[in-house]
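Colleague: Questions regarding the structure given below will be posed in turn.
The values are calculated or read from the model by the stated rules, or taken from the named source; none is laboratory data. The shown structure was predicted, so the numbers you read here are calculated from the model rather than taken from an experiment. Cβ atoms come from the backbone with ideal geometry, glycine included; neighbour counts cover every protein chain shown. Heads up: the accessible areas ignore ligands, DNA and RNA and are worked out on the full protein's heavy atoms, side chains in. Shrake-Rupley method; radii C 1.70, N 1.55, O 1.52, S 1.80 Å.
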Amino acid sequence: MWSYAFKRAATTAVTLLAASIIIFAFIHIVPGDPIYVLLGDTATPDQIDALRHQLGLDQPIILQYLTWAGHVLEGDLGRSIFFQAPVLSVIADGAETSTLLATMTMIWVAVIGVPIGMIAAVRHGTWLDQGLSGGAMLMASIPTFWVGLYLILIFAAWLGWFPSSGYPSIFEGGVLNLRYLVLPSLALAAPNAALILRLTRASMLDVSREDYVRTARAKGIRPWQVVRRHIWRNALLAVVSAFGFTFAALLSEAVVTETVFALPGIGRLVVQSILRRDYPVIQGVILVIVVVYLLINLIVDLSYRLLDPRVELQ
Amino acid sequence: MRYGPSVLMRGVVGLATASFLLAQANAATLLREATIGEPPPLDVMLTTADVASVIGRHIFETLYALDSTYTPRPLLAESDRTEDGGRTIVIKLREGVLFHNGKEMTAKDVAASMTRWGSFGARGKLLMAAATSVEATGQYEVTLKLSAPNGAWKALIADVNGGLAIYPEDIAAKAGNRPIEQKDYIGTGPYKFVEWRPNRYVEVERFDGYKPVKEKGDGFAGARVASFDKIRFIPVPDVGTRVSGVQAGDYDYAEMISGDLYESLSKDPSVQVQRTNAPIFGLFFMNSKQGILKDNYKLRRAIQTALDKSQALRVAFGPKDLWTAEGSIFPNGTPWYSSEGVSNYSAHDPKKAKELAKEADYTGTPIRLLVSTNYQAHYDEASVFTRQLADAGINVQMMVVDWATLLKMRGQPEQWDIFVTHHSFAPDPLLLTFLNASYPGWWDSPEIGSLRAELINTTDPAARKSTWGKIQSLIYEQVPVMKVGDAYTYDIASPKLKGLNPNGPVFWNVSTK
């Protein structure tokens with residue numbers, strides 16, 4: 001277990017190095033220049049050159065990378081060109097929103113997707129199963145922004161139950177501010193809950209066809225006990241794995257939702273930063289997303305072993 | 001000590017109640033404006049970005065401000081006089097005007113700001129290129145000496161967009177050509193800068209030391225009375241969210257709503273529609289420095305002849321209330337309106353365009369049209385025109401990029417033949433970007449050179465208007481730019497707000513009913 005964890009950590013470090021080079025290269029290859037965004041229409045060439053020099057953007061690209069990577073190793077992601085603030089603080093501010101949004105979304109996904117998937121599997125082939133599966137298909141097909149706009153229209157503009165957009169930090173306004181995340185998390189949860197529902201159903205059906213399940217039923221164990229003790233536990237591996245990847249993907253998937261709900265999360269931050277070529281923020285956010293993705297991947301792999309001792313980690 | 005679930009629950013409820021009450025208490029004096037995005041630095045002297053201007057004008061002020069007829073009125077200035085045939089301008093400042101750091105504004109601050117504006121300001125060189133000296137000639141008196149008179153000096157320094165914002169002397173001197181840092185956002189406006197939370201909001205709060213002018217508020221001029229304790233400018237990029245946010249009461253004001261919602265929102269009692277009275281106009285810049293259109297005026301006229309501007313305006317802006325197919329660069333009803341030369345504004349004559357193109361020796365070489373998707377109207381206009389030009393046998397290839405890329409590419413004359421942008425309303429022709437020979441497009445023919453000098457150096461308003469008429473004729477002859485038409489943007493606000501300003505989002509003299 002520990003040697004596996006060590007190997008995975010080493011692989012993660014190499015992946016991170018490769019990712020950092022790719023991120024840096026791609027961002028700087030894209031045309032566009034933050035200087036023009038900052039100084040606007042009428043900047044003179046002298047002004048442009050002076051600011052470029054001040055920001056170190058006139059250095060060779062390799063030197064820029066090495067400087068940036070050196071600072072990253074020291075825990076400094078640089079300063080935002082646009083906000084004139086440390087990238088770490090900009091990301092930390094956005095990370096609160098994105099993490100809470102992703103967590104609340106995963107709660108919805110678990111609460112909606114897993115039980116309904118189980119019901120569909122248990123009632124396999126009935127009208128209920130067909131109805132739930134069809135509903136899931138529909139939910140997975142509807143674009144998130146569309147769901148989001150209708151949630152805003154109905155629950156914010158018409159009924160006034162929840163705020164339409166924005167998110168003031170819970171550290172400033174208390175837990176009641178979580179109500180700002182209810183609608184966006186529901187919008188984001190809809191397609192993901194549908195996928196988990198379908199996965200739970202499929203996984204349970206697969207397991208329910210195993211010999212040991214048939215034996216358990218033949219022994220006269222009550223149907224619900226069969227589901228709980230034999231089917232569900234073994235179907236859980238695939239679902240947990242999907243949960244892990246869904247959570248990691250939400251950090252980047254949330255871009256549209258964060259835009260529609262005007263949430264100050266890191267998804268919207270990275271898109272806006274790309275539009276204004278705020279290189280340090282783009283590099284910082286993508287690096288953080290890669291780290292989170294790799295960590296979740298690692299945790300999911302390690303959790304296999306905890307869930308099922310028969311799984312060999314190599 | 002043990003804490004049971006009930007204690008925990010009471011704590012959560014208590015915290016929630018406290019935060020709710022706090023939010024309610026704050027809401028009473030907080031105005032929340034949904035902006036289209038975040039501004040570049042709020043150094044309004046350097047940038048002409050609308051988002052920065054809207055926020056910045058609450059913090060920073062100019063010597064003069066434009067009233068509702070776009071006439072400059074004294075704001076930080078008290079009075080002025082000109083000497084030496086207009087070559088010397090002496091401005092007397094208002095006394096007792098305080099900066100947000102508590103220090104009084106004096107002539108040294110104005111001279112330092114004017115010097116920086118002249119060297120690095122977005123509009124500064126238009127006036128200050130001819131300056132021989134700027135001096136504080138008294139504690140409250142500034143003297144500007146020019147090598148030649150300038151008929152637009154007051155309009156140039158009054159413009160809210162890239163005009164002469166007055167900063168404290170040390171801040172202006174320290175910043176030089178770099179954008180001013182956030183900690184130095186110190187002006188004389190009715191609101192002072194509090195904080196900029198990246199991705200969340202820019203917040204300003206009422207400046208209790210503000211000393212308004214005596215005259216009644218009119219346009220951007222006159223008294224400025226801050227009714228709200230705080231204003232938050234919140235970036236809300238999605239237009240649907242901005243609309244729903246005002247309808248739901250989460251925002252008090254939202255900028256730049258799309259044309260397709262205009263009719264339904266006009267009938268919606270949960271919002272009030274605020275249509276601007278200063279139109280923006282789309283511009284297609286021709287490359288006068290390099291490429292197929294460099295000095296081929298006949299081919300440019302062929303392009304203009306092929307187009308139906310109304311069709312593009314309808315696609316880009318929707319209802320007829322929101323646009324006018326107007327060929328005059330300045331809209332009808334404003335002092336600079338002129339009908340000189342506009343007959344070929346929107347001919348939509350493909351046959352004649354073909355003939356003109358043939359006379360211009362055009363053989364179908366692709367014409368590269370640079371446009372961004374960040375402004376939907378730009379893309380819509382370019383798409384309509386590309387199709388119309390194809391009907392006239394003119395081969396246009398759209399190069400669609402994002403705005404940051406366009407900003408860089410348009411400075412490289414080898415990259416494009418036409419690029420698309422828009423222009424906000426200008427109070428004086430000298431503020432039009434295409435009259436600036438160093439602006440991408442680089443229109444600098446001998447004819448415009450002499451007319452531009454005439455426009456700058458003439459001080460008589462009637463003579464200047466006559467010169468402007470000649471320039472507009474030349475624009476339709478040499479076609480350095482094509483005007484698409486006038487588009488009236490609109491904002492929406494809570495029905496509770498009163499005193500809204502049709503000149504643009506401004507929140508002084510605004511209060512709740």
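Colleague: With the cut-off at 25 Å, tell me which of the pairs B:289/B:465; B:125/B:298; B:309/B:351; B:230/B:408; B:154/B:183; B:125/B:216 have Cα atoms farther apart than that.
Modeller: Result: B:289/B:465; B:125/B:298; B:230/B:408; B:154/B:183; B:125/B:216 exceed 25 Å.
Colleague: Under a cut-off of 15 Å between alpha-carbon atoms, report the aspartates and glutamates in cross-link reach of residue B:483, not counting same-chain residues fewer than 8 places apart.
Modeller: B:308, B:326, B:340, B:380, B:381
Colleague: Okay, moving on. Treat each spin label as a single point 7 Å out from the Cα along the C-beta direction, and report the residue A:179 to residue A:229 distance in nm.
Modeller: Distance between the two pseudo-spin positions: 4.7 nm.
Colleague: Now a separate question. Please work out the Cα convex hull volume for the range A:116-155 and give it in Å³ per residue.
Modeller: Spread over its residues, the Cα hull of the range A:116-155 gives 72 Å³ apiece.
Colleague: Any idea what Rg and Dmax come out to for chain A if you just take the C-alpha atoms, in Å?
Modeller: 23.8, 86
Colleague: Sticking with this structure for a sec: Using 16 Å as the cut-off for backbone N distance, which residues of the range B:292-311 belong to the label zone defined by a point 7 Å from the Cα of residue B:445 along Cα→Cβ?
Modeller: Counting only backbone N, you get B:292-305.
Colleague: Using per-residue counts of other Cβ atoms within 10 Å, averaged over each peptide, order B:348-360, A:60-72 from highest down.
Modeller: So the order, starting with the most tightly packed, is B:348-360, A:60-72.
Colleague: At a Cα cut-off below 13 Å, give the aspartates and glutamates reachable from residue B:498, other chains included and same-chain residues fewer than 8 away excluded.
Modeller: B:252
Colleague: In nanometres, what is the gap between the two model label sites at residue B:137 and residue B:270, each 7 Å from Cα along Cα-to-Cβ?
Modeller: 6.0
Colleague: Scan chain A and note any complete DSSP helix (H) whose C-alpha atoms cover at least 24 Å along its axis and whose Kyte-Doolittle average is 0.5 or more.
Modeller: Those that clear 24 Å and a mean of 0.5 are A:2-29, A:87-108, A:182-208, A:233-260, A:279-307.
Colleague: Something else now. Given 20 °C and 1.002 mPa s, how large is the Stokes-Einstein diffusion coefficient of the protein assembly as shown in µm²/s, with Rh as the Kirkwood radius over Cα pairs?
Modeller: 72
Colleague: Still on this structure, I have one more. Over the Cα atoms of the range A:91-238, what is the Rg over Rh ratio if Rh follows Kirkwood?
Modeller: 1.10
Colleague: What number, in percent, do you get for the relative contact order of chain B if the mean sequence gap of Cα pairs under 8 Å and at least 6 apart is divided by its residue count?
Modeller: Over chain B, the number comes to 19 percent.
Colleague: The range B:189-238: percent of C-alpha pairs farther apart than 15 Å?
Modeller: Pairs farther apart than 15 Å: 54 percent.
Colleague: Now for a separate question. Under the rule of -39500 (n - 2.57) per DSSP H run of 4 or more residues, summed and divided by the residues of chain B, what mean residue ellipticity at 222 nm is obtained, to the nearest 500 deg cm²/dmol?
Modeller: The helix contribution divided over chain B gives -9500 deg cm²/dmol.
Colleague: Calculate how steeply helix B:5-27 sits against the longest principal axis of the alpha-carbon atoms of chain B, using the helix alpha-carbon long axis, and give the answer as 0 to 90 degrees to the nearest 10.
Modeller: It is inclined by approximately 50 degrees.
Colleague: Estimate the FRET efficiency between residue B:352 and residue B:463 by the formula 1/(1 + (r/R0)^6), using the beta-carbon distance for r and 35 Å for R0, to the nearest 0.05.
Modeller: Numbers: r = 35 Å, r/R0 = 1.01.
Between residue B:352 and residue B:463 the formula returns 0.50.
Colleague: Using only the Cα atoms, what convex hull volume per residue in Å³ does the range B:113-157 have?
Modeller: Per residue, the Cα convex hull of the range B:113-157 comes to 71 Å³.
Colleague: Give me Rg/Rg_expected for the range A:1-73, where Rg uses Cα atoms only and Rg_expected = 2.2 N^0.38 Å with N residues.
Modeller: So the range A:1-73 has a normalised radius of gyration of 1.59.
Colleague: May I ask for the Rg/Rh ratio of chain B, computed from Cα atoms with Rh as the Kirkwood radius, given to two decimals? Can you show the working numbers first?
Modeller: Working: Rg = 24.8 Å, Rh = 24.5 Å.
Taking Rh as the inverse mean 1/r over Cα pairs, Rg/Rh reads 1.01.
Colleague: With only alpha-carbon atoms in the gyration tensor, what are the semi-axes of the equivalent ellipsoid for the range B:220-278, in Å, largest first?
Modeller: Over the Cα atoms of the range B:220-278, the semi-axes work out to 22, 16, 12 Å.
Colleague: To the nearest hundred square angstrom, how large is the accessible surface buried between B and A, total for both chains, probe 1.4 angstrom?
Modeller: Working: alone 21740 and 17250 Å², together 34920 Å².
Buried area between the two chains comes out at roughly 4100 Å².
Colleague: What angle do you read, to the nearest 10 degrees and between 0 and 90, between the alpha-carbon axis of helix B:107-120 and the longest principal axis of chain B?
Modeller: 40
Colleague: For chain A, what is the calculated [θ] at 222 nm in deg cm²/dmol (nearest 500), taking -39500 (n - 2.57) for each run of four or more DSSP H residues and dividing by its residue count?
Modeller: Calculated from helices alone, the mean residue ellipticity at 222 nm is -23000 deg cm²/dmol.
Colleague: Next question, about the same structure. Please compute the contact order of chain A in relative form: average sequence separation of alpha-carbon pairs under 8 Å and at least six residues apart, divided by the residue count, as a percent.
Modeller: Details: 339 pairs, mean separation 83.1, N = 314.
So the answer I get is 26 percent.
Colleague: Could you calculate, for the range A:170-314, the ratio of the Cα radius of gyration to the Kirkwood radius, expressed as Rg to Rh? Could the numbers behind the result be given before it?
Modeller: Working: Rg = 20.3 Å, Rh = 18.2 Å.
Ratio of gyration radius to Kirkwood radius: 1.11.
Colleague: Ignoring any ligand, DNA or RNA, what whole percent of the accessible area of chain B comes from carbon and sulfur when the probe is 1.4 angstrom?
Modeller: After summing per-atom areas, the C and S share lands at 52 percent.
Colleague: Considering every residue in A:93-100, what mean count of other chain Cβ atoms within 10 Å of its Cβ is obtained? Provide the component values of the computation, followed by the final result.
Modeller: Values: counts 4, 3, 0, 0, 2, 0, 0, 0.
Whole-number average of other-chain Cβ neighbours for A:93-100 is 1.
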